[in-house]
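No value in this document is a laboratory result; all are computed from the given coordinates. Since the model is a prediction, treat every value here as computed from it, not as a measurement. Glycine gets a Cβ as well: all are built from the backbone with ideal geometry, and neighbour counts include every protein chain shown.
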C-alpha cells in the first residue's frame, strides 16, 4: 500500500492524494471568489449616493455577480463530481489543474465585462472562458468514468454517460449564448441548447432514481 493509500478508522482505504487534490481545489475556488471582491474599487468622482454608486459601477457589480455565480456553480459541480471518485491518478490531477487554471482567470474575465458591459468581443471572450471551464469539467468526468477505475465500477454505464452529458450542458448553453451574442440570427442555436439541456436533465433524474441517487 502506498503512502497516499492508507487505512482510515472505519477500516476502508483512504486516498490522501485525492483528499489533498480536493483541498487544493477548494482553496483555489475560494481565492478566485475573494479576488472578485478585491477588484471592486470606488469610482473617483462618486457623489456619495447609492444611486450614483450603482450608476457608476453597474458593470462592475454585474461582472461580480455573474462571476460569483459561475464560480459557485462550478464549485458545486466539482464537489459533486469528486464525491464519486475513489482515488486520484495523474490524468485526473492534470485535468483538475486545467480547471483550476481556468477558474483563476475568472477575475480577469470579470474585468473584461466590467469595462465593456455584456456586449462586444470582451463579453464573447468571457463566455468562451466559461465554456472552456465547462468543457474541462466534462473532460475530467469523461477521463474518470470511461478510461480509469477511479469511479465505482458498479455505477451503470448509462448513468456515467448521462452525467457526462449533464456536464456538457453549461458549455453547450454558453457556447450557444456566445454565438447568439455574436449574431442574433443564431437564436435557434440557443433554443437547441436549451432543449438539449431539458432532455438530458430529465433522463438524468430517471436514471438517478433507478440507481438510488
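Values computed for the structure shown
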{"item": "Over 23 Å [Cα-Cα, region 1-158], rounded percent", "result": "48 percent"}
{"item": "Burial ordering of 46, 75, 141, fewest other beta-carbon atoms within 10 Å first", "result": "46, 75, 141"}
{"item": "Ratio Rg/Rh, restricted to region 36-85 and using Cα atoms, in which Rh is the Kirkwood radius", "result": "1.25"}
{"item": "Residue order, fewest to most beta carbons within 10 Å, for 62, 82", "result": "62, 82"}
